[in-house]
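Below is one structure, written out as structure tokens; the observations come after it.
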Amino acid sequence: MSLALSKSPSIAPEDGTPETLRIVPLRRTGQRITAVVVIVLLGLALHSVVRNEAFQWGVVAEYFATTAVLRGLWLTLWLTAAVMALGFALGTLLAVMRLSANLVLRAVSWGYVWLFRSTPILVQLLFWFNIGALYPQILGVRTVDLMGPVTVAVVGLTLHEAAYAAEVVRGGILSVERGQIEAAQSLGLGPWRRLRRIVLPQAMRAIVPPAGNMLIGTLKGTSIVSIIAVNDLLYSVQLVYHRTYQVVPLLLVATIWYVVVTSLLSIGQYYVERYYARGSASAR
């Protein structure tokens, strides 16, 4: 608590001792008024949402845990996990290529990141969805049979995610002190062993926070695959409200599920960050 010092009455003591000081708490009237106003406004907003019959909370409760919605939620979670795993695997390879002494590997990695970060994800998904127009057959199999909507979603999102993951991993690797790498070289460790045993464990401290944000962004970004008829969470509720015309409550069902899952992921990210921040000032 901040304190202000105020002098006691100006009459000095007769024994010549220094004049005593009286401690006065610092008043925060403005902060308290602001806090009250914010709480009142939040209460009014919450009351209007809960009491507004147009939200149709009964319909929300009716469809919240239906089989169709849960099936769409499961596909969303599966798609998020697959895209993150594949995207970071490819992104790590691209980051290593970008840091390589080989000019060709650096150029290829830079070109990949530049291309996939320069085009919207919706354009990429639609391109892969229509890839059969360019290549009717792949390895002797009809493209339309090989590249179904879910496969297109995995391929398109993974290639897009890898471009961003490459920059996250590259930044984490560059955050490792050069002396650590030189020490590993002096011990005779090979390049891949240095990367796996020395560099990446230390780089994770810088990689985990943006990677966690990417995970949450990917979870929400998977909703875009509904445009190519992938039966994810958003597409599942769309199928219902196209039949019942209850658009708002069904969108609320999807919204609440996204909020629940992202909140759980945020909690997990917090503990993973604490794990990799052990021994640093940020962990305390």
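The values are calculated or read from the model by the stated rules, or taken from the named source; none is laboratory data. Everything numeric here is computed off the predicted structure, so don't read it as measured data. Cβ atoms come from the backbone with ideal geometry, glycine included; neighbour counts cover every protein chain shown. Ligands, DNA and RNA are excluded from the accessible area calculation, which covers all protein heavy atoms including side chains. Shrake-Rupley method; radii C 1.70, N 1.55, O 1.52, S 1.80 Å.
Numerical summary
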| read-out | value |
| --- | --- |
| Simple Cβ-charge dipole of segment 97-245, Lys/Arg +1 and Asp/Glu -1, about Cα centre, in debye nearest 20 | 380 |
| Given the chain, longest segment not containing exposed loop GluC sites (Glu not before Pro) (DSSP; at most 15 other Cβ within 10 Å) | 20-176 |
| Cα convex hull of segment 129-218, projected area averaged across orientations, nm² | 8.2 |
| Cβ-based charge dipole, the chain, positive-most Cα from L189, A68, W110 | L189 |
| Candidate residues L215, L195: accessible-area rank, largest first, probe 1.4 Å | L215, L195 |
| Unit Cα scatterers, Debye sum, segment 202-266: log10 I(q)/I(0) for q = 0.22, 0.28, 0.29 Å⁻¹ | -0.91, -1.16, -1.20 |
| Extension gain (nm, one decimal) between T151 and A89, 0.36 nm per residue minus Cα-Cα | 20.6 nm |
| Whole-Å semi-axes of the chain's equivalent ellipsoid (Cα gyration tensor) | 49, 37, 14 |
| Per-pair calculated FRET efficiency, R0 = 30 Å: N52 and V260 via Cβ, rounded to 0.05 | 0.90 |
| The chain - charge dipole about Cα centre, Lys and Arg +1 at Cβ, Asp and Glu -1, debye rounded to 20 | 520 |
| Contact order normalised by residue count of the chain, Cα under 8 Å, 6+ apart, percent | 22 |
| Helix 67-98 axis, angle to the chain major axis (alpha carbon atoms, nearest 10°) | 90 |
| Cα gyration tensor shape for segment 67-106, rounded if a/c is under 1.5, else prolate or oblate | prolate |
| Hull volume in cubic angstrom per residue (convex hull over the Cα atoms of segment 76-205) | 137 |
| Low-density loop cleavage sites - trypsin sites (Lys or Arg not before Pro) in segment 20-111, where at most 11 other Cβ are within 10 Å (DSSP) | R27 |
| Dipole of the chain, positive direction: furthest Cα of A211, V59, L157, with charges on the beta-carbon | A211 |
| Accessible area in square angstrom per residue, the chain, 1.4 angstrom probe | 63 |
| Solvent-accessible area, 1.4 Å probe, carbon plus sulfur percent, for the chain | 66 |
